[in-house]
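Please read the structure below before turning to the comments.
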Amino acid sequence: MTTPQVKQQTGIGGLPLVRIETPWSMAEVYLQGATVTHFQKHGEPPLLFLSAKSRFEKDAPIRGGIPVIFPWFGKPEGKPAQHGSVRTRQWDFVESKTQADGNVTARFRLPASADLPSIVVEYVVTVGQSLCAELIVTNNSKSEFTFENCLHTYFTVGDISQTNVSGLKGVEYLDAMDNFTRKTEREDAIRFTCETDRVYFNTPHTTEIHDAALRRTIRVEKENSVSTVVWNPWIEKAKRMADYGDEEYKTMVCVESGNVRSEAIRLAPGGTSSLKVKMSSVL
């Protein structure tokens with residue numbers, strides 16, 4: 001059985017990363033955006049998708065894995081970047097700990113910056129038989145801090161045409177492919193036949209990705225998240241994305257956990273907010 005190990009290494013493009021090995025799995029976290037780019041249980045395909053065309057460059061987002069979206073989602077008017085300012089910054093690796101059960105926990109912290117004064121942002125990644133990611137925000141200012149957060153997780157699937165997402169029937173959502181019209185999910189499972197980009201509201205519960213090609217089910221369990229985003233770029237958008245392969249839409253789906261749009265968080269002075277997501281797989 002593998003002894004748990006944590007190593008700091010130089011990754012693609014010369015960017016620093018933390019590699020974590022446990023008796024059951026292996027993970028990699030780039031300090032660029034504190035992006036978990038890889039998690040794989042021994043004997044299984046990778047859980048996370050990473051584009052072969054992803055830019056591993058300073059100040060550029062990594063396309064795939066689990067980008068950390070904060071303090072805004074999308075591209076609101078007047079904001080300088082898509083999906084917030086922290087996914088392109090280099091985070092600090094603070095510490096790692098091996099738990100009694102063999103799981104390894106790694107803690108990262110966003111360095112202080114002028115645009116987030118008195119806001120402390122930490123990220124805790126726990127690697128074992130499952131992958132757990134927790135984004136912790138503390139408001140040390142004297143005024144309320146309103147923000148959106150999301151763990152923009154890209155999952156590997158064998159064939160998107162044989163994949164569906166369940167657990168969202170009856171839920172209201174915004175359909176970005178139909179001028180952000182508000183709709184209600186009528187299907188037992190979401191299937192993919194075209195570009196899909198939806199924000200589901202009031203969804204604190206677990207969702208599942210059923211992957212017939214890999215004969216695997218991925219469970220996405222979460223705490224303190226009421227928004228779920230489901231996304232696949234499909235054919236035409238994939239071709240327009242410079243850091244994404246034309247055919248890669250076939251082998252990934254995003255099921256993202258957070259609090260976005262009308263479900264943004266209002267954090268009182270001195271308050272702390274934690275978004276926690278557990279991702280596991282069963283063959």
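Output the relative contact order of the range 145-283, whole-number percent, from Cα pairs under 8 angstrom with separation of 6+ residues. Computed over the range 145-283, the figure is 33 percent.
P(r) tail, the range 89-153: Cα-Cα pairs separated by more than 21 Å, 33% of all pairs.
Among Ser166, Gly271, Val220, which residue has its Cα positioned farthest towards the positive end of the charge dipole of the range 136-283, with +1 placed on the Cβ of Lys and Arg, -1 on the Cβ of Asp and Glu, and the dipole taken about the Cα centre? Farthest towards the positive end: Gly271. Given q = 0.24 Å⁻¹, what are the Debye log10 I(q)/I(0) values for the range 145-244, with equal point scatterers placed on the Cα positions and solvent ignored? Taken in order of the listed q values, log10 I(q)/I(0) reads -1.52.
Entry for the chain at q = 0.08, 0.10, 0.12, 0.14 Å⁻¹: log10 I(q)/I(0) = -0.31, -0.50, -0.73, -1.03, Debye formula applied to identical alpha-carbon scatterers, no solvent contribution.
Ordered by the count of other Cβ atoms within 10 Å of each Cβ, fewest first, Met177, Met241 give Met177, Met241. Coupling constants for the range 114-126 follow from the phi torsions by the Karplus curve (6.51 cos²θ - 1.76 cosθ + 1.60, θ = phi - 60°), and in residue order they are 5, 7, 10, x, 6, 10, 9, 10, 10, 9, 10, 10, 10 Hz; glycine and proline get x. Of the trypsin sites (Lys or Arg not before Pro) in the range 98-196, the ones in a loop by DSSP (not H, G, I, E or B) with at most 11 other beta carbons within 10 Å are Lys142, Arg186. Taking springs between alpha-carbon atoms closer than 10 angstrom, which of Gly245, Gly13, Gly84 fluctuates most in the Gaussian network model of the chain? It is Gly13. When Rg and the Kirkwood radius Rh are both evaluated on Cα atoms of the range 1-115, their ratio Rg/Rh stands at 1.00. One Cα centroid belongs to the range 42-102, the other to the range 257-283; the line between them spans 15 Å. The modelled label-to-label distance between Lys183 and Ser262, using points 7 Å beyond Cα along the C-beta direction, is 1.7 nm.
Looking at Pro67, Pro4, Ser280, which one has the Cα that reaches farthest to the positive end of the dipole of the chain (charges on Cβ: Lys, Arg +1; Asp, Glu -1)? Sorting the options by dipole projection puts first Pro4. Annotation: amide H of Val157 within the under-5 Å range of Met252, Val253, sequence separation 5 or more or interchain, hydrogens built in the peptide plane. For the range 32-47, 3J(HN,Hα) computed residue by residue from phi via the Karplus equation (6.51, -1.76, 1.60; θ = phi - 60°) reads 5, x, 6, 8, 6, 9, 8, 8, 8, 7, 4, x, 10, x, x, 7 Hz, glycine and proline entered as x.
Of Cys150, Cys132, Cys194, the sequence from fewest to most neighbouring Cβ atoms within 10 angstrom is Cys194, Cys132, Cys150.
We did not get these values from a lab; they are worked out from the coordinates using the rules stated. Quantities reported herein were computed from a predicted structural model and do not represent experimental measurements. A quick note on method: Cβ atoms are made from the backbone with ideal geometry, for glycine too, and the neighbour counts reach across all protein chains shown.
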